[in-house]
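Notes follow the structure.
The values are calculated or read from the model by the stated rules, or taken from the named source; none is laboratory data. Because the structure is a prediction, the values reported are computed rather than measured. Here the Cβ positions follow ideal geometry from the backbone for every residue, glycine too, while neighbour counts run over all protein chains shown. Quick note on the areas: whole protein, heavy atoms, side chains included, nothing else; ligands and nucleic acids left out. Shrake-Rupley method; radii C 1.70, N 1.55, O 1.52, S 1.80 Å.
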2 protein chains.
Amino acid sequence: MGRTSTAKEKLITSAIELIGNRSYNAVGVQELCDHSGVKKGSFYHFFPSKRDLTLEAIDAMWTKFKEQMLDPIFNSDIPAFEKLNVLINKSYEYQTSAKECTGCVTGCGIGNLALELSTQDEIIRQKIEQIFEEWAQYFEDMIVDAINEGTLSVDTDPRSTSQAILAYMEGVSLMGKTFNDPTMLSRLGEGMTQLCISKKKVALGDNM
Amino acid sequence: MGRTSTAKEKLITSAIELIGNRSYNAVGVQELCDHSGVKKGSFYHFFPSKRDLTLEAIDAMWTKFKEQMLDPIFNSDIPAFEKLNVLINKSYEYQTSAKECTGCVTGCGIGNLALELSTQDEIIRQKIEQIFEEWAQYFEDMIVDAINEGTLSVDTDPRSTSQAILAYMEGVSLMGKTFNDPTMLSRLGEGMTQLCISKKKVALGDNM
């Protein structure tokens, strides 16, 4: 692990930071080169365009999010339905830290690009759609486990409920970014569990 | 109403259409002038910058959304809690129509700008925060009415629930845009009512 990162990796890291903190169209190739300390010729050696760099940056963002956020939570041994609460707390901590570092709640880097670019770039839209499918699968598996553990009703539709949870998570991130208030994530987060609640076994009572 | 619209109105209309279909940073002053048939000198007579035009375009978008969507639904005499279902259906129809016209689900014009610009422009962020407060107030009033009508429990917190509903509505729009699928709005829309459901009176049963 002693080697220094390559120019390509530096460009991807800069793209995640600069585009993530502002937007795709607000950041140009020159600024990406300046920020990463990579010459323009080197940029075009690795990437035909900013769009191609962005496609790799989206992959890198998603891999990091899975490795640091989703996998540790959803591969853990805690009861399935508790995992949403852990995700809410971690998301709150992440956005609190983003605000401490940059002054701003930066929201979801992937959701930001989804809204900025989905009507403009079909390849990027399809990539994010695929990522959202994979992301919702974590929730779907959790719901199936919760049904097997007896904490969710067998009537629960794992697929539509998983998409609803993802939609809500993205919406809460959007609210947190708009109000520049990370507590939106902790205060509204419980809605993620509520989206399953009408299908929860009545035996668990009204307060779950 | 026989007069033709002024250059200023044409620029606002073009901004709503062009920025709404793509993004703020993807559209320049020249294109806004070309699209509206207004000369550049005239643009700068009305607006010091694209940002100033955008601030007025956001106001115009919000006014139109209230007049054509929120007011007719939330000022109607139907039972309070039914209003969310009407909103879901209207949103689905609107995004279906957007896709028929442009080939794309365009999502929420205000939410799009919220994610693109909130970290970059404090004045625009504050304007959208204020709009979201006003928007959530429609839901909050509906919840208070539903409590008075006996369809929601007195335990329901109107303010936090109204913010949760708005977050979910924005998240579902984001999913619809990302999947370029207006049926996301109809299929996931019922989650808006589920976000109130754990607080619904048990007497109403499990299927509301």
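Is segment A:113-170 rounded, prolate or oblate when judged by the Cα gyration tensor, a ≥ b ≥ c being the square roots of its eigenvalues, rounded requiring a/c under 1.5 and prolate requiring a/b larger than b/c? Prolate. Split the accessible area of the protein assembly as shown by element, probe 1.4 Å, and carbon with sulfur accounts for 50%. Projecting 7 Å from Cα along the Cα-to-Cβ direction, the label point of B:Lys40 sits 2.2 nm from its equivalents in the other copies, listed shortest first. Put a plus charge on the Cβ of each Lys and Arg, a minus charge on the Cβ of each Asp and Glu, and nothing anywhere else: the dipole of the protein assembly as shown about its Cα centre is then about 1200 debye.
Entry comment: accessible area of chain A is 44 Å² per residue, from protein heavy atoms only and a probe of 1.4 Å. Classify segment A:1-56: rounded, prolate or oblate, from the alpha-carbon gyration tensor (a ≥ b ≥ c, eigenvalue square roots; a/c under 1.5 rounded; otherwise prolate if a/b is larger than b/c)? Prolate, because a/c is 1.5 or more and a/b exceeds b/c.
Compute the separation of the alpha-carbon centres of segment B:56-92 and segment B:1-53 and state it in Å as a whole number. Comparing the Cα centres of segment B:56-92 and segment B:1-53, I get a distance of 26 Å. Taking the label point 7 Å from Cα in the Cβ direction, how far apart in nm is A:Val29 from each other copy of itself, listed shortest first? Label-point separations across copies, in nm and ascending: 2.6.
Counting protein heavy atoms only and a 1.4 angstrom probe, how many square angstrom of accessible surface do chains B and A bury in total, to the nearest 100?
Numbers: alone 11210 and 11230 Å², together 18360 Å².
That pair of chains buries around 4100 Å² in total.
Taking the C-alpha atoms only, the angle from helix A:83-102 to the longest principal axis of chain A is near 30 degrees. In segment A:141-166, the residues whose accessible area drops by at least 50 square angstrom when the other protein chains are added to the isolated chain are A:Gln163; the probe is 1.4 Å and only protein heavy atoms count.
Within the listed set B:Asn25, B:Asn180, B:Asn112, the Gaussian network model of chain B (springs between alpha-carbon atoms below 10 Å) gives the highest mean-square fluctuation for B:Asn25. Check each of the GluC sites (Glu not before Pro) in segment B:10-111 and keep only those in coil by DSSP with at most 15 other C-beta atoms within 10 angstrom; list them in order. For GluC sites (Glu not before Pro) across segment B:10-111 that sit outside H, G, I, E and B with at most 15 neighbouring Cβ atoms in 10 Å, the list is empty. The helix-based estimate of mean residue ellipticity at 222 nm for the protein assembly as shown, built from -39,500 (n - 2.57) per DSSP H run of four or more residues and divided by its residue count, is -21500 deg cm²/dmol to the nearest 500. Residues of segment A:2-48 that lose at least 10 Å² of accessible area (1.4 Å probe, protein heavy atoms only) when the other protein chains are present, relative to their chain alone, are A:Asn21, A:Arg22, A:Ser23, A:Asn25, A:Ala26.
Once the Cα atoms are used to define both axes, helix B:158-178 deviates from the longest principal axis of chain B by about 60 degrees.
Output needed for the protein assembly as shown: three equivalent-ellipsoid semi-axes, defined as square roots of 5 times the C-alpha gyration tensor eigenvalues, in descending order, whole Å. Provide the component values of the computation, followed by the final result.
Details: eigenvalues 248, 184, 57 Å².
Values for the protein assembly as shown, descending: 35, 30, 17 Å.
Mind scanning B:Lys39/B:Lys177; A:Lys40/B:Lys50; B:Lys50/B:Lys90; A:Lys8/A:Lys83; B:Lys8/B:Lys64; A:Lys177/B:Lys66 and naming the pairs with a C-alpha gap bigger than 26 Å? Present the calculation step by step, with values, prior to reporting the outcome.
Details: B:Lys39/B:Lys177 33 Å; A:Lys40/B:Lys50 30 Å; B:Lys50/B:Lys90 31 Å; A:Lys8/A:Lys83 35 Å; B:Lys8/B:Lys64 17 Å; A:Lys177/B:Lys66 23 Å.
With Cα atoms farther than 26 Å apart: B:Lys39/B:Lys177; A:Lys40/B:Lys50; B:Lys50/B:Lys90; A:Lys8/A:Lys83.
Which of these, A:Ile78, A:Ile197, A:Ile16, has the largest mean-square fluctuation under a Gaussian network model of chain A (Cα springs below 10 Å)? Fluctuation is largest for A:Ile78.
Taking the Cα centre of chain A as origin and assigning +1 to Lys and Arg Cβ atoms and -1 to Asp and Glu Cβ atoms, the resulting dipole is close to 640 debye.
Over all other residues within a Cβ to Cβ distance under 11 Å of B:Met142, the charged ones net out to -4, with Lys and Arg as +1 and Asp and Glu as -1.
Can you tell me how segment A:78-204 classifies by the Cα gyration tensor, rounded, prolate or oblate, using a/c under 1.5 as the rounded cut? Oblate, since a/c reaches 1.5 and b/c is not below a/b. Once all protein chains are placed together, A:Ser49 keeps about 40 Å² accessible to a 1.4 angstrom probe.
Each Cα pair under 8 Å and six or more residues apart adds its sequence gap; the mean of these over the residue count of segment A:49-208 is a relative contact order of 27 percent.
For the Cα atoms of chain B, what angle does the longest principal axis make with the long axis of helix B:50-65, in degrees from 0 to 90, nearest 10? Helix B:50-65 and the main axis of chain B meet at about 40 degrees. A:Asp59 label point (Cα plus 7 Å toward Cβ) to equivalent points in the other copies: 4.7 nm, shortest first.
For segment B:23-38, the Karplus equation 6.51 cos²θ - 1.76 cosθ + 1.60, evaluated at θ = phi - 60°, returns couplings of 6, 4, 6, 8, 10, x, 4, 4, 5, 5, 5, 4, 5, 8, x, 10 Hz by residue, with Gly and Pro reported as x.
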